[in-house]
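**Student:** Submitted below is the structure of interest, expressed as structure tokens.
The values are calculated or read from the model by the stated rules, or taken from the named source; none is laboratory data. All values reported here derive from a predicted model rather than from experimental measurement. Backbone-built Cβ (ideal geometry, glycine too); neighbour counts: all protein chains shown.
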């Protein structure tokens, strides 16, 4: 079992109508609020008006139009707004992209330089504005962790940033806010959750406890994602997916385990940096191919355990179990209705070389669960066509 | 799925040698430290000297001799010390009893009145001294939750207290510090962990995710407790039990579920209030009898799920599975070497009436997982003889 330092101090308000507590939540931090949101779905579903009604005593400034793969430009804009208006608290209303963008705004206000420098060089700040989130999509877990992933379209880079300061102070999780999420986004979000869990499950030096908890969380996604896709207002399904998303990415399920080095996210980030594909869709396409590539004598027993503990396969050899588990994973993603090839997204091989080069920059995929050379990453991408 | 508010902001430093960070941890809060500990095992295993060496620049005052079922007298003494010496931070070094006692000291300093009044009437304070813990026994989970259980020997009462202010700021969890815990205490601690998990597992309105995580955590105890009893310095077993203890009691595994109302702890608290038995031993004796009493048509499917998910029983009817699961639970406790009857502890029925009366005060066992009348509690205690 490995050493760790763990802290996840976000206050989670979970359930129907928890937004009613927003005034007291915000009042703790001040009156000047930067409201961050995306393409405007919060205007259609009424949350926008609700926020304004609840915060009628606050001064609200807006950072709107944050893109699904949030761009550094939005952060630059948000930081300028915070400085100009002396913002007290950042309020992110949306999915992971909005929250990720808001995290970099919250820290970037205190960074003396361009925020892309801060992100790409992993520079830490002394402090950050307090961040409050209202979640509208179960996917990234950004509502309960400190991480953000930001894209720079000029350099085709998508880079992670985060530290204790960018952990939300309060997150309001109302599953009812995800009832209006379309089936495709629900599917993609669920695949993102599952991918975060697989990333931890396929790691070295696993604990017995983490194995159990991760398998259980993966099974929860397998159990409820199809329900939420079919019945968008199924409260139980939406609630379980939302809370699973929050626990899937903040480390609580795998403390004490070795670093996984599961490279699905790293490879997919290149895909969405180059083509702006929905993150969960990219993951669905890559994951089964990656798994087949990673299945070897060393990893066989782990994949077999995955087959038995997650997919309930019994009475077969390790090899059969492992192969069936990967097939089941692919069938599950397919059943959710997402495109399962790059061709279906009109993506060809023209940037594979650059993407593979970039995914493995600084030799980081040489420390993956199964080390990957640039050529291997290209081979995996070819399998995805 | 039910609404919830959740926050567990304790910073956990887990692993060998994490105590080396103690100086910087304490320095954040001040220089005047109240060191709380129990019967002196920390002097024998060297932690006491280590703390003094590390905190050589601090002013340390001592609250020593905290009893296994911590008594309100110790709190009175600790509060007086804090006031007299203007203590900045409370440092609890020990198991759950020491930490529980320290929590009530930390809050009680700011309570204008006797701390038993604060505890027994659940009075809240405006603030509390910051609490840092160094754990030496995996059992209660007090290192990662806000709760304390305090005994008043004058009234034979054992009552819970706690709120956000009594959550430890930092907990240092070094599994190596539990290598010297004797087999009997290791067994009792493991049973306490398992009991916290059962308390959540047998509840109404369970989520799929919680079912999976709780079953996984219970299986972790079943897997590693016998190892730790036999091989006291098995790092993996000690580590997994320690981290499971921390997660077992702070609610993270069962948020969104209904309140369990599993009354093993309530009944056992009477036992240890009257006879000062080791808490985990009391739980081992009570739990299988309680389970048999609670098994009925309404709860059958839940007990059967327990049998299948936790004990891996397959191919049997619900009834057979449920009954076998209870038998397996009893066999497991027995295998750990704890006494399994009250008679073995020289406890007779003379106080059963009073204990049953007290366990069910304010009608609280009428809201148990299976509602229990006073007569039923007495019947369960009789079964334990």
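**Student:** Among the residues of region B:42-55, what is the count of those that are surrounded by 14 or more Cβ atoms within 10 Å (Cβ to Cβ) and not in a helix (DSSP H, G or I)?
**Tutor:** So the count comes out to 2.
**Student:** Here's another thing I want to ask about it. Can we say residue A:125 is farther than 18 Å from residue A:157 by Cβ, within 19 Å of the chain's Cα centre (by Cα) and in the same structural domain as residue A:49 (by TED's automatic domain parsing)?
**Tutor:** Values: farther than 18 Å from residue A:157 by Cβ: yes; within 19 Å of the chain's Cα centre (by Cα): no; in the same structural domain as residue A:49 (by TED's automatic domain parsing): yes.
Answer is no for this residue.
**Student:** Just give me the residues in region B:231-265 being without any contact (Cβ under 8 Å) to a residue 24 or more places away in the chain and away from chain A (no Cβ under 14 Å), in sequence order. First the steps, then the outcome.
**Tutor:** Residues of region B:231-265 that are without any contact (Cβ under 8 Å) to a residue 24 or more places away in the chain, as a first pass: B:231, B:234, B:236-237, B:240.
Passing the criteria: only B:231.
**Student:** For region B:152-163, what are the residues that are touching a helix residue (DSSP H, G or I) at 6+ places or on another chain (Cβ under 6 Å) and closer than 29 Å to residue B:11 by Cβ?
**Tutor:** The answer is B:159, B:161.
**Student:** Quick one: in region B:312-341, which of the residues that are touching a residue at least 60 places away in the same chain (Cβ under 8 Å) and crowded, with 17+ Cβ neighbours inside 10 Å is farthest from residue B:219 (Cα to Cα)? Spell out the reasoning first.
**Tutor:** As a first pass, look at region B:312-341 and keep what is touching a residue at least 60 places away in the same chain (Cβ under 8 Å): B:332-333, B:335-338.
Narrowing the set further to residues that are crowded, with 17+ Cβ neighbours inside 10 Å leaves B:332-333, B:336, B:338.
Values: B:332: 11, B:333: 13, B:336: 15, B:338: 19 Å.
Taking the candidates together, the pick is B:338.
**Student:** If the requirement is being outside the structural domain of residue B:157 (by TED's automatic domain parsing), over 22 Å from the mean Cα position of the chain (by Cα) and at pLDDT 95 or above, which of these qualifies: B:313, B:285? So that I can check it myself, show each step before the final result.
**Tutor:** Working: B:285 fails: over 22 Å from the mean Cα position of the chain (by Cα).
It is B:313.
**Student:** So is residue A:103 at pLDDT below 95 and either in the same structural domain as residue A:282 (by TED's automatic domain parsing) or in contact with a helix residue (DSSP H, G or I) (Cβ under 8 Å, 6 or more places away or on another chain) (or both) or not?
**Tutor:** Numbers: at pLDDT below 95: no; either in the same structural domain as residue A:282 (by TED's automatic domain parsing) or in contact with a helix residue (DSSP H, G or I) (Cβ under 8 Å, 6 or more places away or on another chain) (or both): yes.
It is false that residue A:103 is at pLDDT below 95 and either in the same structural domain as residue A:282 (by TED's automatic domain parsing) or in contact with a helix residue (DSSP H, G or I) (Cβ under 8 Å, 6 or more places away or on another chain) (or both).
**Student:** Now, a different point. Can you give me the ranges of the strands (runs of 3 or more DSSP E) entirely in region A:105-208 with at least 3 residues that are within 21 Å of residue A:274 (Cα to Cα)? So that I can check it myself, show each step before the final result.
**Tutor:** Working: elements: A:131-135, A:147-152, A:157-162, A:170-173.
Ranges flagged: A:147-152, A:157-162.
**Student:** Name the residues in region A:158-212 that are surrounded by fewer than 24 Cβ atoms within 10 Å (Cβ to Cβ), within 14 Å of chain B (Cβ to nearest Cβ) and within 13 Å of the chain's Cα centre (by Cα), would you?
**Tutor:** none
Here's the yes/no breakdown for (1) within 14 Å of another protein chain (Cβ to nearest Cβ); (2) part of a loop (DSSP other than H, G, I, E, B); (3) touching a helix residue (DSSP H, G or I) at 6+ places or on another chain (Cβ under 8 Å); (4) modelled with pLDDT of 95 or more:
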site	(1), (2), (3), (4)
B:7	yes, no, yes, yes
B:20	yes, no, yes, yes
B:30	no, yes, no, yes
B:35	no, no, yes, yes
B:57	no, yes, yes, yes
B:68	no, yes, yes, no
B:87	no, yes, yes, yes
B:99	no, no, yes, yes
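**Student:** Could you grab me the full set of residues in region B:56-81 that are closer than 19 Å to residue B:25 by Cα and crowded, with 19+ Cβ neighbours inside 10 Å?
**Tutor:** Looking only at region B:56-81, we keep the residues that are closer than 19 Å to residue B:25 by Cα, and these are B:56-62.
If the condition is that a residue be closer than 19 Å to residue B:25 by Cα and crowded, with 19+ Cβ neighbours inside 10 Å, then B:58 is the only one that fits.
**Student:** When you look at residue B:39, is it modelled with pLDDT under 95, more than 14 Å from every other protein chain (Cβ to nearest Cβ), within 27 Å of residue B:84 (Cα to Cα) and in a loop (DSSP other than H, G, I, E, B), yes or no? So that I can check it myself, show each step before the final result.
**Tutor:** Working: modelled with pLDDT under 95: yes; more than 14 Å from every other protein chain (Cβ to nearest Cβ): yes; within 27 Å of residue B:84 (Cα to Cα): yes; in a loop (DSSP other than H, G, I, E, B): yes.
Here the answer is yes, as residue B:39 does meet what is asked.
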